[in-house]
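**Q** Before we start, here is the structure in question, set down as structure tokens.
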């Protein structure tokens, strides 16, 4: 038997996969078990209810929900689940430059919070989900610390390259 899934990545359509796989890639890098599935708020409402009401019973700790257009999926999941929900607005083919998705996910009514990342920001959603898991899992917290240290090292490499080609760079 494999590891127990801790995070669920859910999207309204397979057309959202190019964006949502960025969250999966971060979780894979951090060795956090996750599931990835499709649940359409509009086309599979019964699946939406079953998924939302039972995710915590299956051991899921955080849900990342991505949607484009009207983007009801994250809010509807949040309305039925006690888990933290991270919404990823997606600029889709039926989107109004992504603003409809952003506002649909961001502007939730009082009592139904959805943490919202940037448009197409699934990578940050994966990192945020890992940080939530890290609050109660020391190994994940240490992996997040290493992940952030590596981000800083990548920036250092970049400004050192600038310096090598003759640019003046800020130094402490």
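**Q** When the Cα centres of segment 1-54 and segment 106-159 are compared, how far apart do they sit, in Å?
**A** 17 Å
**Q** Taking the 0 to 90 degree range and rounding to the nearest ten, how far is the long axis of helix 45-54 tilted relative to the main principal axis of the chain, both from C-alpha atoms?
**A** Once rounded, one gets 70 degrees.
**Q** Would you work out the relative contact order for segment 1-146, in percent, from Cα pairs under 8 angstrom that are 6 or more residues apart?
**A** Reported relative contact order: 25 percent.
**Q** Sticking with this structure for a sec: Counting other C-beta atoms within 10 Å, which of 117, 155 has the fewest, and how do the rest follow? Numbers along the way, then the final one.
**A** Numbers: 117 23, 155 10.
Listing 117, 155 from fewest to most nearby Cβ atoms yields 155, 117.
**Q** Just order 84-92, 160-168 by mean Cβ neighbour count inside 10 Å, highest at the front, would you?
**A** The most tightly packed comes first, giving 84-92, 160-168.
**Q** Now for a different question. Quick one: what does P(r) look like for the chain with 5 Å bins over all Cα pairs, in whole %?
**A** 2, 9, 17, 19, 17, 12, 9, 6, 4, 3, 1, 0, 0
**Q** Sticking with this structure for a sec: How high is the FRET efficiency from residue 53 to residue 5, r the C-beta distance, R0 22 Å, rounded to 0.05? Each step should come with its number before you reach the end.
**A** On the way: r = 17 Å, r/R0 = 0.75.
Once rounded, the FRET efficiency stands at 0.85.
**Q** Still on this structure, I have one more. Show me the ranking of peptides 33-43, 19-29 by mean Cβ neighbours inside 10 Å, starting with the highest.
**A** So the peptides 33-43, 19-29, ranked by packing, come out 19-29, 33-43.
**Q** Kindly provide the helix-only [θ] at 222 nm of the chain, computed as the sum of -39,500 (n - 2.57) over DSSP H runs of four or more divided by all residues, to the nearest 500 deg cm²/dmol?
**A** Roughly -14500 deg cm²/dmol at 222 nm, from the helical runs in the chain.
**Q** To continue, here is another question. Could you state the angle between the C-alpha long axis of helix 122-134 and the longest principal axis of the C-alpha atoms of the chain, as a value from 0 to 90 degrees rounded to the nearest 10?
**A** 90 degrees
**Q** Related question: Below 8 Å, C-alpha to C-alpha, sequence gap of six or more: please give me the relative contact order for segment 26-109 in percent.
**A** It rounds to 25 percent for segment 26-109.
**Q** Taking springs between alpha-carbon atoms closer than 10 angstrom, which of 70, 122, 152 fluctuates most in the Gaussian network model of the chain?
**A** Of the options given, 152 has the highest mean-square fluctuation.
**Q** Still on this structure, I have one more. In segment 71-172, if every C-alpha pair distance is counted and binned at 5 Å from zero, what percent goes to each bin?
**A** Distribution as computed: 2, 11, 15, 14, 14, 11, 13, 9, 6, 3, 1, 0 percent.
**Q** Which of 5, 76, 11 comes first, and how do the rest follow, when ranked by fewest Cβ neighbours within 10 Å?
**A** 5, 76, 11
**Q** Mind checking the angle between helix 17-29 and the chain's longest principal axis? C-alpha axes, 0 to 90 degrees, to the nearest 10.
**A** Helix 17-29 sits at roughly 60 degrees to that axis.
No value in this document is a laboratory result; all are computed from the given coordinates. Just so it is clear, the structure is predicted and the values come from calculations on it, not from any experiment. Note: ideal-geometry Cβ built from the backbone for every residue, glycine included; neighbour counts use all protein chains shown.
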